[in-house]
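Contents: one structure, followed by commentary.
Just so you know, all these numbers are worked out from the coordinates, no wet-lab data involved. Treat the numbers as computed from the prediction; the structure is a model and nothing was measured. Ideal geometry is used to build each Cβ from the backbone, glycine not excepted, and the neighbour counts take in all protein chains shown.
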Amino acid sequence: MDIAYVLFYSYILGSIPSGLIFSKILGYGDIRKIGSGNIGATNALRTGSKLLALLTLLSDVFKGSLAVFLTLKFYPEYYYLSSIIVYLGHIFPVWLNFKGGKGVATFIGIILVLNQVAFGIFIISWLLISKLFKISSLSALLSFVILIIASLLLFKMEEAIFYFFFFVFSIFTHKENIARLVSGKEKKL
């Protein structure tokens, strides 16, 4: 029965469409009709509202952190499962016909709770790459690669495999961005 609880609250937390909720509250309407149509923080920034982007980012990070925190506290044997389900809940929210965000902020929330060193590696990588190229999708994808390489050197193999799952799924969620990167048409921050 414990596994059912973990699956339920992890998915429900992950599926909360923060960007859509805050875009409506702040008067921007449906964020899915703006920019790339994504519900995440990068698209929220395209509205011109740093507040909307910040609220979306913090909320998406928080829901990843909260799910994993609850699981570590009450059902620690399922923390990997909880991490994956909260992430997938963000990407495939039932409330939006299973069309959600790309999951990067939710992943950041997950590793913030699980491994602060991994969190630091990912965030520093993202910030440096973002500063250099000014492309959010490229920053996220390369940060995953750096985190996987670093985890092979610093952590257990199972943790590197765990991060590899998120990287592979991130390739899936960023497939349109990758096509634009290849063609030189990806938007800058």
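What the table below lists for this structure:
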read-out: Lys, Arg +1 and Asp, Glu -1 on Cβ, resulting dipole of the chain about Cα centre, debye, nearest 20; value: 880 debye
read-out: Mean Cβ neighbour count within 10 Å, used as a protection proxy, ranking 132-140, 53-61 highest first; value: 53-61, 132-140
read-out: Overall form of the range 80-169 per C-alpha gyration tensor (a/c, 1.5; a/b vs b/c); value: oblate
read-out: Overall Cα dimensions of the range 116-189 - principal axes, largest extent first, Å; value: 38, 24, 15
read-out: Three-way shape label, the range 10-90, alpha-carbon gyration tensor, a/c 1.5; value: prolate
read-out: Calculated SAXS-style log₁₀ I(q)/I(0) at q = 0.11, 0.14, 0.16 Å⁻¹ - the chain, Debye, Cα scatterers; value: -0.46, -0.75, -0.98
read-out: Protection proxy ranking of 152-164, 64-76 - average other beta-carbon atoms within 10 Å, highest first; value: 64-76, 152-164
